[in-house]
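S.K.: One structure, as structure tokens, below. Some questions next.
The values are calculated or read from the model by the stated rules, or taken from the named source; none is laboratory data. The model shown is predicted, which means the values in this text are computed figures rather than measured ones. Positions of Cβ are generated from backbone atoms using ideal geometry, with glycine treated the same way; all protein chains shown enter the neighbour counts. These area figures cover heavy atoms from the full protein model, side chains too; ligands, DNA and RNA do not enter into them. Shrake-Rupley method; radii C 1.70, N 1.55, O 1.52, S 1.80 Å.
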Amino acid sequence: MPALVAIAVAIIAVPALVVSTGVASASLPIFSDDSDDYEIGAQPQQNRIVAYDGDREVTIAWVYSQNRQEISWNDVTPALKDAVLAAEDHRFYQHGAIDPQGLVRAVLSTASGDTQGGSTLTQQLVKNICIADAFKKYPNSGQDKEEFAKYRAAVTACQAQSVDRKLTEMKSAVELEKKYTKNEILLAYLNIANYGGTVYGIQAAAQRYYDKDAKDLSTAEAASLIATVQTPDKLRLDEKANYAANTKRRDVILDNELAYGYIDRAEHDKAKAIVIGSKNDSLKITTPRNGCVAANKYAKQFCDYVVKNVKNFAMLGKDADEREYNWRVGGYTLYTSLNIPLQKVAQNAVQQYAPANETRLDLGASAVTVETGTGRVLTMAQNKTFDDTGTGDDTTSAVNFNTDREYGGSSGFQVGSTYKVFTLLNWLEHDHGLDEYVNGNPRTVDQHLFVDTCPYPKKLVSNPDSETPFTGTYQFRNDPGSGGGNISVRSATARSTNGAFISMALQLDLCDTSKIATSLGVHRADGDELWNNPSSVLGVNEIAPLTVAAAYAAIANDGVYCAPIVLDKVVDRTGADLGGQTADCSRGIPEPVAVAAQSALKGAMAAYPSNPRDGTQLIGKTGTTNDSRQTWVTGASTRAATTVWYGNIQGDFPIRTYSGGGTYGGNQRHLIERAILAKMDQLYPGGEFQQPEPIYNTGVKVPVPSYIGMTEAKAAAKIVADGFTYDPSSVMTKTGTEPKGTVIDQAPKGTGSPHALITLTISDGAGIEVEDYTGMTQADAQSEISSAGLTVGVYCVASGDTTAQDADGDGLIDGTTTPVTVGEPTGTVVDQAPDPGTVKAKDGLVRIGVAQPTC
């Protein structure tokens with residue numbers, strides 16, 4: 001009988017002075033030891049996450065470890081107060097912190113087999129504070145098994161029926177009543193008590209079980225809720241099996257209220273007549289709304305991203321641990337950057353064109369919008385509904401496709417040609433121009449020709465300590481329709497010509513490209529460092545859509561990068577405004593370089609079907625990986641940037657062959673993007689982009705020596721020595737009479753950009769120079785052409801000669817007065833194709849025009 005022993009000892013130990021007045025003498029031995037310094041502090045409460053629909057505040061989620069909303073004393077109605085006193089301590093306002101009568105009654109009743117507690121309301125508050133403090137000490141008990149075990153041990157200690165624990169509780173109760181009034185203690189009890197599951201505090205209980213505020217509870221409702229506190233898990237009202245037990249406890253409370261004169265007979269009888277769960281009962285169980293899984297249907301992933309960013313919210317504490325702790329204690333309202341009207345368009349478009357129930361492939365899609373100049377995240381949508389309960393189906397996912405692994409579980413996706421913009425920026429930073437021409441052909445290149453001066457992961461390279469750490473060859477192809485041959489960088493950007501960007505990269509340092517990307521916030525979603533191998537030029541790095549959108553927002557912002565933020569302000573439980581995340585912006589690239597890149601990206605965006613063509617200037621770039629496993633498009637105005645990813649969550653289904661969402665062949669990304677951009681331009685009207693400085697069109701020009709007449713090997717060595725770029729895969733062979741391997745042409749000639757790629761044309765040594773055959777007879781010409789190893793073709797040329805029609809030799813055509821015309825002698829070569837000096841391959845055709853009177 002531990003409870004009986006503890007209570008009996010307590011009665012003996014506690015002096016009458018203490019239990020009757022609540023005033024403890026420091027000279028009494030029992031109070032000489034320090035007791036726990038309990039205070040009615042802030043208890044865990046609900047956190048609210050808010051966004052705006054125009055000027056209207058929209059709650060998108062409630063997030064809490066304990067479902068609690070504290071009420072004030074003004075909300076404590078007689079029904080609530082009477083129910084608490086009748087249930088727990090009807091002499092609360094007459095005795096001190098400890099009630100001797102209650103202790104004696106408890107001993108007698110317990111001895112007779114009817115267990116009753118002898119604790120006052122203040123003592124019960126002490127116990128509840130002890131339990132609450134255990135939760136605060138082990139706030140991760142809901143996720144961590146080891147921490148949960150510690151939490152349960154601490155709770156058990158708070159509830160132990162031992163002499164030491166009971167005496168400590170009594171001492172702490174005395175101290176508590178020194179600090180607080182009776183009303184404050186009763187209010188704290190209502191706010192701290194558990195009402196079943198994660199429901200804490202009378203306000204949350206009223207909302208959960210009756211869908212109303214605590215101040216609106218009836219006598220019967222208040223009694224039922226206070227009844228729950230005795231053993232919450234056995235008396236909670238959201239389980240039908242508990243109705244009978246709750247009714248029994250409720251009726252005891254109602255009987256006590258009648259006995260103590262709190263209610264009259266009529267009210268008592270009316271309340272007891274209510275059968276819990278019947279038609280005459282007002283019980284109305286509301287759906288739990290805790291967490292992002294229960295958030296606004298348009299904002300579930302965004303909610304999860306906000307919660308995972310709590311550790312970064314400086315206004316919540318001095319470091320990540322303190323911020324997480326304060327968040328779990330709760331009571332905060334977070335006002336976020338999400339734009340509800342734009343988010344609705346984004347979410348609807350993504351789910352329309354990327355069906356979550358697609359079975360032919362593991363289809364994923366996402367869209368995210370970032371405001372330029374601030375980094376505020378305006379939208380965050382995806383096709384799979386957020387569900388982190390582990391009970392979802394194929395249409396749900398706990399992974400946020402828009403974010404990094406740390407903030408949503410995603411490792412990102414290969415970005416394809418979306419990444420080419422960083423090579424373009426590197427090109428422009430190093431004195432090149434948009435109107436320069438480069439080799440755009442698909443080909444195989446020697447990887448050792450690529451320069452990367454960054455320290456590099458050994459797992460990715462053959463020679464990690466070399467400035468040219470790559471060996472072997474790299475074969476790539478151009479996307480159908482993207483062009484080839486000599487092509488301007490401007491056109492190559494618009495057409496996304498792989499060969500051109502490889503040619504550009506060969507004239508640059510891959511390290512500089514990754515540094516530029518990093519300066520615009522780009523990083524791998526899995527936390528690894530950016531890959532700089534040759535294929536990185538064409539977008540093999542796996543990056544989160546949010547990162548891409550922020551980078552393009554920086555380009556649209558004239559080169560100033562702003563890290564993504566989501567929090568405009570925080571208001572705490574007292575109503576104090578703690579501020580929000582301030583824009584974290586810095587210059588990533590020079591403004592003229594960004595402006596020049598905008599010019600090229602405007603040309604690209606102009607042709608995309610994702611462009612809403614609403615008069616707003618937009619820049620943009622698409623991206624498609626090998627075999628169209630992943631497809632991307634990003635569009636940006638001067639105000640905001642939107643990135644859409646559409647592809648395989650896992651697997652390699654070719655998206656261009658996919659017919660779904662009412663469209664075909666990789667067009668889905670554009671339809672999603674167009675819908676969002678149209679609304680974005682309406683809500684955030686963009687301005688005009690600047691025109692680039694002329695030097696960024698032409699590039700800086702330097703003299704280029706002539707390498708014509710040299711052997712290929714000698715020319716290659718001299719090109720490198722002169723500071724230009726040589727790529728053997730770009731060398732072209734042409735039929736020539738010069739010795740085989742001799743350079744017979746080059747591009748550029750005269751002037752070119754610093755470090756320009758010099759494209760050589762060499763002779764194959766098998767050429768035959770065409771001679772001048774005019775004036776020869778047909779027979780002589782044919783003989784010479786054949787002897788040279790060429791093929792002869794003959795065509796007739798009318799000479800107009802009429803001398804054969806003057807038989808009598810009078811100079812007139814016989815029988816007429818018309819003078820004869822003297823032309824080239826019949827059978828003479830008077831024309832040829834090609835012209836003399838042309839070089840033809842063996843057996844090449846040379847056509848001669850032979851004079852005839854008529855043809």
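S.K.: Of these, 204, 222, which one is touching a strand residue (DSSP E or B) at 6+ places or on another chain (Cβ under 8 Å), within 20 Å of residue 191 (Cβ to Cβ) and open to solvent by less than 10 Å² (accessible area, probe 1.4 Å)?
M.R.: Details: 222 fails: touching a strand residue (DSSP E or B) at 6+ places or on another chain (Cβ under 8 Å).
Sole residue among the options that is touching a strand residue (DSSP E or B) at 6+ places or on another chain (Cβ under 8 Å), within 20 Å of residue 191 (Cβ to Cβ) and open to solvent by less than 10 Å² (accessible area, probe 1.4 Å): 204.
S.K.: Another one. Kindly evaluate residue 515 against the criterion of being surrounded by fewer than 23 Cβ atoms within 10 Å (Cβ to Cβ) and over 30 Å from residue 317 (Cα atoms).
M.R.: Numbers: surrounded by fewer than 23 Cβ atoms within 10 Å (Cβ to Cβ): yes; over 30 Å from residue 317 (Cα atoms): yes.
So residue 515 passes the test.
S.K.: So, residue 382, is that one under 17 Å from the mean Cα position of the chain (by Cα) and over 23 Å from residue 619 (Cβ atoms) or not? Outline the logic, then answer.
M.R.: Values: under 17 Å from the mean Cα position of the chain (by Cα): yes; over 23 Å from residue 619 (Cβ atoms): yes.
Yes.
S.K.: Please enumerate the residues belonging to region 641-652 that are open to solvent by less than 10 Å² (accessible area, probe 1.4 Å) and over 14 Å from residue 545 (Cβ atoms). Explain how you work it out, then say what you get.
M.R.: Keep residues of region 641-652 that are open to solvent by less than 10 Å² (accessible area, probe 1.4 Å), which gives 641-648.
Scanning region 641-652 gives a single hit, 648.
S.K.: Got at least one residue in region 805-812 being over 30 Å from residue 702 (Cα atoms), modelled with pLDDT of 90 or more and open to solvent by less than 70 Å² (accessible area, probe 1.4 Å)?
M.R.: Going residue by residue through region 805-812, those that are over 30 Å from residue 702 (Cα atoms) are 805-812.
Next, from what is left, pick out any that are modelled with pLDDT of 90 or more: none.
Looking through region 805-812, none of the residues is over 30 Å from residue 702 (Cα atoms), modelled with pLDDT of 90 or more and open to solvent by less than 70 Å² (accessible area, probe 1.4 Å).
S.K.: Ok, one more. Exactly one condition in (1) among the hydrophobic types (A, V, I, L, M, F, W, C); (2) open to solvent by 60 Å² or more (accessible area, probe 1.4 Å); (3) outside any helix (DSSP H, G or I) is false for residue 829; which is it?
M.R.: Only one criterion is unmet by residue 829, namely (2).
S.K.: For region 799-816, state whether one or more residues are under 30 Å from residue 766 (Cβ atoms), assigned to a loop (DSSP other than H, G, I, E, B) and aliphatic (A, V, I, L, M).
M.R.: If we filter region 799-816 for residues that are under 30 Å from residue 766 (Cβ atoms), which is where we start, we get none.
The answer is no, given that none of the residues of region 799-816 is under 30 Å from residue 766 (Cβ atoms), assigned to a loop (DSSP other than H, G, I, E, B) and aliphatic (A, V, I, L, M).
S.K.: What is the number of the single condition among (1) open to solvent by less than 30 Å² (accessible area, probe 1.4 Å); (2) in contact with a helix residue (DSSP H, G or I) (Cβ under 8 Å, 6 or more places away or on another chain) that residue 429 does not meet?
M.R.: (1)
S.K.: Oh, and also: Which of (1) open to solvent by 20 Å² or more (accessible area, probe 1.4 Å); (2) at pLDDT below 95; (3) over 30 Å from residue 287 (Cβ atoms) is the odd one out, the single condition residue 93 does not satisfy?
M.R.: With (1) open to solvent by 20 Å² or more (accessible area, probe 1.4 Å); (2) at pLDDT below 95; (3) over 30 Å from residue 287 (Cβ atoms) applied to residue 93, the lone miss is (2).
S.K.: State yes or no: is residue 614 open to solvent by 40 Å² or more (accessible area, probe 1.4 Å), over 28 Å from residue 336 (Cα atoms), acidic (Asp, Glu) and at pLDDT below 95? Even if it seems obvious, please write down each step before you answer.
M.R.: On the way: open to solvent by 40 Å² or more (accessible area, probe 1.4 Å): yes; over 28 Å from residue 336 (Cα atoms): yes; acidic (Asp, Glu): yes; at pLDDT below 95: no.
For residue 614, the condition - open to solvent by 40 Å² or more (accessible area, probe 1.4 Å), over 28 Å from residue 336 (Cα atoms), acidic (Asp, Glu) and at pLDDT below 95 - is not met.
S.K.: Somewhere in region 300-310, is a residue in contact with a Cys (Cβ under 6 Å, 6 or more places away or on another chain) and among the basic types (Lys, Arg)? Working first, answer last.
M.R.: Applying the first criterion (in contact with a Cys (Cβ under 6 Å, 6 or more places away or on another chain)) to region 300-310 yields 300, 303-304.
Then drop every residue that is not among the basic types (Lys, Arg), which leaves 300.
Yes, that holds for at least one residue.
S.K.: Output yes when any residue across region 661-684 is on the phi < 0 side of the Ramachandran plot, modelled with pLDDT under 95 and open to solvent by 40 Å² or more (accessible area, probe 1.4 Å), and no when none is.
M.R.: yes
S.K.: For region 225-252, give me the residue count where each residue is open to solvent by 20 Å² or more (accessible area, probe 1.4 Å), of a type in the set (Gly, Ala, Ser) and either more than 20 Å from residue 288 (Cα to Cα) or outside any helix (DSSP H, G or I) (or both).
M.R.: Number of matching residues: 2.
S.K.: Is it the case, given these coordinates, that residue 299 is buried (at least 24 other Cβ atoms within 10 Å of the Cβ), of a type in the set (A, V, I, L, M, F, W, C) and more than 18 Å from the chain's Cα centre (by Cα)?
M.R.: Numbers: buried (at least 24 other Cβ atoms within 10 Å of the Cβ): yes; of a type in the set (A, V, I, L, M, F, W, C): yes; more than 18 Å from the chain's Cα centre (by Cα): no.
It is false that residue 299 is buried (at least 24 other Cβ atoms within 10 Å of the Cβ), of a type in the set (A, V, I, L, M, F, W, C) and more than 18 Å from the chain's Cα centre (by Cα).
S.K.: Test residue 526 against the criterion of being in contact with a strand residue (DSSP E or B) (Cβ under 9 Å, 6 or more places away or on another chain) and open to solvent by 40 Å² or more (accessible area, probe 1.4 Å), and give yes or no.
M.R.: Taking the combined requirement at face value, the residue satisfies it.
S.K.: From the list 209, 189, 200, 195, pick out the single residue that is closer than 30 Å to residue 278 by Cα and in contact with a Ser or Thr (Cβ under 7 Å, 6 or more places away or on another chain).
M.R.: 195
S.K.: Are there any pairs, at least 6 apart or on different chains, whose C-beta atoms fall under 7 Å, with the first in region 471-483 and at negative phi and at pLDDT 90 or above and the second open to solvent by less than 90 Å² (accessible area, probe 1.4 Å) and assigned to a loop (DSSP other than H, G, I, E, B), and if so, which?
M.R.: Listed by first residue and then by second, the contacts come to 476/442; 477/442; 478/442; 478/484; 478/497; 479/496.
S.K.: Buried (at least 17 other Cβ atoms within 10 Å of the Cβ) and among the acidic types (Asp, Glu): is that true of residue 591 in this structure?
M.R.: Working: buried (at least 17 other Cβ atoms within 10 Å of the Cβ): no; among the acidic types (Asp, Glu): yes.
No: the conditions fail for residue 591.
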